[in-house]
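Notes follow once the structure below has been shown.
Read the figures in this text as sums done on the coordinates, not as results from a lab. Just so we're clear, the structure is a prediction, and the values are computed from it rather than from any experiment. Positions of Cβ are backbone-derived with ideal geometry, glycine not excepted, and every protein chain shown enters the neighbour counts.
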Amino acid sequence: MDALILVNKFEPLPACYADSLILTEAGGKFMEKQAAEQLERLLKAAQADGIFISVISGYRSDDYQQMLWEKEISLEMGRGLGYKDAVAKVGRTLALPGCSEHSTGLAADLGTKDAEDVQPDFGRTTAGKWLTVNACHYGFILRYPPMKEHLTGISYEPWHYRYVGREAAELITESGICLEEFLHFYSDKYTSC
Ligand SMILES: [Zn+2]
């Protein structure tokens, strides 16, 4: 498992990735084994501070992502947008099938206690604030920070956390960079290819 794998609209997930993926449950959702173990540790640490964080979404297969994609496109077209405009609008917040970090098993959408869907204002909640400070110590980063849309291709998502391993997560968080920048500047030191 390569915790630093880059998946975005320019770098789809290799088709064989799922073959070696081992999934384990964390917070009621499935995640890649190592990410799941660290997410469980994170959830426990938050609880010890009196903060309850729910896992809204973890691993998603490509088929599931395809279904989500088609559902959102038809919703926007039902509201009157043409196909091209619908694709552009949905593409700002939802990854194309094959390009979703959720298919790596390394990403989790997190929310406040009992949240059933992602919360646009999550970053302003106590749980959201706790995560921005502490998630890196468990190897997780806020994957789509504000002001980095031009690099990540995705709008600010205060709920979407990605496992990259502790060392990389702490460096990324403390430097205020995104994963694309980290891989650009530090890939020699941290990745083998
Ligand atoms: Zn997400």
Inset, instruction - Convert each backbone phi in the range 170-187 into a coupling constant with the Karplus relation 6.51 cos²θ - 1.76 cosθ + 1.60 (shift: θ = phi - 60°), then list the ³J(HN,Hα) values in order as whole Hz, x for Gly and Pro. - result: 5, 5, 4, 5, 5, 8, x, 10, 9, 4, 4, 5, 4, 5, 5, 7, 10, 4
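Could you tell me which of rounded, prolate or oblate describes the range 69-109, using a ≥ b ≥ c as the square roots of the eigenvalues of the alpha-carbon gyration tensor, with rounded for a/c under 1.5 and, failing that, prolate when a/b is larger than b/c and oblate otherwise?
prolate
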Inset, instruction - For A26, list long-range residues whose amide hydrogen, built 1.01 Å from N in the peptide plane, is under 5 Å from its own amide hydrogen. - result: M31
Legend entry - Cβ-based charge dipole, the chain, positive-most Cα from C136, M1, G111: G111
Legend entry - Calculated SAXS-style log₁₀ I(q)/I(0) at q = 0.10, 0.16 Å⁻¹ - the range 1-114, Debye, Cα scatterers: -0.36, -0.80
Inset, instruction - Would you kindly calculate the translational diffusion coefficient of the chain, applying Stokes-Einstein with the Kirkwood radius from alpha carbon pairs, for 25 °C and a viscosity of 0.890 mPa s, and quote it in µm² s⁻¹ without decimals? - result: 144
Inset, instruction - Set the Förster distance to 45 Å, then compute FRET efficiency between V133 and F10 from the Cβ-Cβ distance, nearest 0.05. - result: 0.90
Inset, instruction - Read phi for every residue in the range 50-63 and hand back ³J(HN,Hα) as whole Hz from Karplus 6.51 cos²θ - 1.76 cosθ + 1.60, θ = phi - 60°, with x for Gly and Pro. - result: x, 10, 9, 10, 9, 9, 7, 8, x, 5, 10, 6, 4, 4
Legend entry - Net charge contributed by nearby residues that have their C-beta within less than 14 Å of A3 (K/R +1, D/E -1): -2
Inset, instruction - With unit charges on the beta carbon (Lys/Arg positive, Asp/Glu negative), name the residue among I154, M67, A168 whose Cα is farthest towards the positive pole of the charge dipole of the chain. - result: I154
Inset, instruction - Compute the convex hull volume of the Cα atoms of the range 134-193, divide it by the residue count, and report the result per residue in Å³ as a whole number. - result: 82
Inset, instruction - Sort H184, H160 so the one with the fewest other Cβ atoms within 10 Å of its own Cβ comes first. - result: H184, H160
Legend entry - Centroid-to-centroid separation of the range 21-53 and the range 118-180 [C-alpha atoms, Å]: 16
Legend entry - Three-way shape call for the range 62-132 based on the alpha-carbon gyration tensor, with the a/c threshold at 1.5: prolate
Inset, instruction - Along each of the three principal axes of the Cα atoms of the range 106-175, give the extent in whole Å, ordering the values from largest to smallest. - result: 31, 27, 20
Inset, instruction - Can you pull the one-decimal nm distance between simple spin-label points at T93 and E25, each 7 Å off the Cα toward Cβ? - result: 3.0
Inset, instruction - Please turn the phi angles of the range 39-47 into ³J(HN,Hα) values with the Karplus equation 6.51 cos²θ - 1.76 cosθ + 1.60 (θ = phi - 60°), one per residue in order, whole Hz, x for glycine and proline. - result: 5, 4, 4, 4, 4, 5, 5, 5, 4
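With +1 on each Lys and Arg Cβ and -1 on each Asp and Glu Cβ, how big is the dipole of the chain about its Cα centre, in debye rounded to the nearest 20?
300
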